[in-house]
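The values are calculated or read from the model by the stated rules, or taken from the named source; none is laboratory data. If you're wondering where the values come from, they're calculated on a predicted model, not measured in any experiment. Heads up, the Cβs are rebuilt from the backbone with ideal geometry, glycines too, and the neighbour counts pull from every protein chain shown.
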Amino acid sequence: MPKGRLAPSPTGAQHPGNARTFLVAWLAARSSRSPLVCRIEDIDSPRVKLWALTQALDDLAWLGLDWDEGPPRPGVRAAMEAGDEPGVPFVQSQRLARYRDVLAELKSRELIYPCTCSRSEASQAASAPHAGHEPAVYPGTCAGRFAGEAASLPEGTYCWRFRMAGFREPIGWQDAIAGLQVASLPGTLGDFVIAKADGTPSYQLAVVVDDHDMGIEQVVRGDDLIPSTFRQLALYQTLGWQAPGFAHVPLVKGPDGLRLAKRHGDSRLSILREAGVDPRRVIGWLARSLGLAEEASPITPGELIETFAWEKIAKDPVMFPREVWEGWLR
Ligand code: GLU
Ligand code: ZN
């Protein structure tokens, strides 16, 4: 019974690519009668954007995807408007003290060091590095610094990087979709940003601490995050924590072969939801694209549980044709 999770980032809107990953995560949990957590990954927003949070939760509910632990729905809006903290343990922006504690441990063990090289990389590090945003391999310019030297650097002029040098053995995992993944870390990935100077965690740190603390045993996410999984495994090893299993779902791409994004036209799920589109049509298309249904005919997530199997999942990215979007709205 591997406990799974849905991890939406309420930074704007959810798209068919997010829906496809959520569907696989949901089916993986439901087909093995495992619990499912919903966690809000909002550390890259200055604060919880109420509309974006409720929109993400409403999109999930509209698709027919539920969860067992996490922010209440639809109660979350009312709770937040009343000034209550929504499902405190499941919202990253409310767990900053916990990430700081782990950072302090890494500092005391000299496993991280202050880096003054690149401010832009540090400012983006709170978001998961999706396709096209994978940072360059850091050359190790500041790796000679001790953690304590941060005290003499002005706040805001540096970030914290995690030392990969200690990982001499190759690291890897058997991915439920992508198969065996192995790499030797220092050379291929370099030292990654783990926090800002003020202790705000990077995506890599927050996601590992959360998945560990929430008892997640199976992570399902887009395959553009495979490089991040290597970094996260390095953190699990360092912290002495058991890593979850991983399944990386191939991406949804635009007609130009790049990850589906704004430039391909509006593809927000909220548009479909507000236009009254039958969500079963969307699920049907996603299931067909995943290899989980023969045809793209309307279907509910629940109807896919019984026949769900990892082996069926298509290993190639899928193109999202504009005609499909327009067809839904017609
Ligand atoms: N919150 C991330 C996203 O929506 C997902 C990261 C993960 O699943 O590890 O991009
Ligand atoms: Zn540096």
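Step by step: first the residues of segment 142-184, then only those that are in contact with a helix residue (DSSP H, G or I) (Cβ under 6 Å, 6 or more places away or on another chain) and outside any loop (DSSP other than H, G, I, E, B), then the one that is surrounded by the most Cβ atoms within 10 Å (Cβ to Cβ). Which residue is that? So, considering only residues that are in contact with a helix residue (DSSP H, G or I) (Cβ under 6 Å, 6 or more places away or on another chain) and outside any loop (DSSP other than H, G, I, E, B), the one surrounded by the most Cβ atoms within 10 Å (Cβ to Cβ) is C159.
Got a sec? Which of P35, P114, P86 is modelled with pLDDT under 90 and either closer than 26 Å to F308 by Cα or touching a helix residue (DSSP H, G or I) at 6+ places or on another chain (Cβ under 6 Å) (or both)? Let's see the steps before the verdict.
On the way: P35 fails: modelled with pLDDT under 90; P114 fails: modelled with pLDDT under 90.
Only one candidate passes the filter, namely P86.
Looking at G245, G222, G240 in this structure, which one is surrounded by fewer than 23 Cβ atoms within 10 Å (Cβ to Cβ) and at positive phi? So that I can check it myself, show each step before the final result.
Values: G245 fails: at positive phi; G222 fails: at positive phi.
None of the other options fit; the residue is G240.
Would you check if there is a residue in segment 228-238 being among the aromatic types (F, W, Y) and in a helix (DSSP H, G or I)? Yes: segment 228-238 contains one or more residues that are among the aromatic types (F, W, Y) and in a helix (DSSP H, G or I). Would it be correct to say that Q204 is under 30 Å from L290 (Cβ atoms), among the polar types (S, T, N, Q), buried (at least 16 other Cβ atoms within 10 Å of the Cβ) and away from ligand 2 (no atom under 14 Å from the Cβ)? Yes, satisfied. Among the candidates S120, S127, the residue that is small (G, A, S) and out of contact with any helix residue (DSSP H, G or I) (no Cβ under 8 Å at 6 or more places or on another chain) is uniquely S120. Of all residues in segment 294-308, those satisfying the criterion of being of a type outside the set (S, T, N, Q), free of Cβ contacts under 8 Å to residues at least 60 places away in the same chain and in a loop (DSSP other than H, G, I, E, B) are E294, E295, A296, P298, I299. Within segment 261-279, being free of Cβ contacts under 8 Å to residues at least 24 places away in the same chain, outside any loop (DSSP other than H, G, I, E, B) and more than 21 Å from the chain's Cα centre (by Cα) holds for R263, E274.
Among the residues of segment 120-141 satisfying the criterion of being part of a helix (DSSP H, G or I) and more than 12 Å from ligand 2 (Cβ to nearest atom), which is nearest to P10 (Cα to Cα)?
Quick first cut of segment 120-141, residues part of a helix (DSSP H, G or I) only: 120-124.
The next check asks that each one be more than 12 Å from ligand 2 (Cβ to nearest atom); those that pass are 120, 123-124.
On the way: S120: 22, S123: 18, Q124: 16 Å.
Among those residues, the one meeting the criterion is Q124.
Only residues that are exposed (fewer than 13 other Cβ atoms within 10 Å of the Cβ) and modelled with pLDDT of 85 or more were counted in segment 65-83, giving 1. The residue that is farthest from W51 (Cα to Cα), among those in segment 1-21 that are part of a loop (DSSP other than H, G, I, E, B) and either of a type in the set (G, A, S) or within 16 Å of ligand 2 (Cβ to nearest atom) (or both), is A7.
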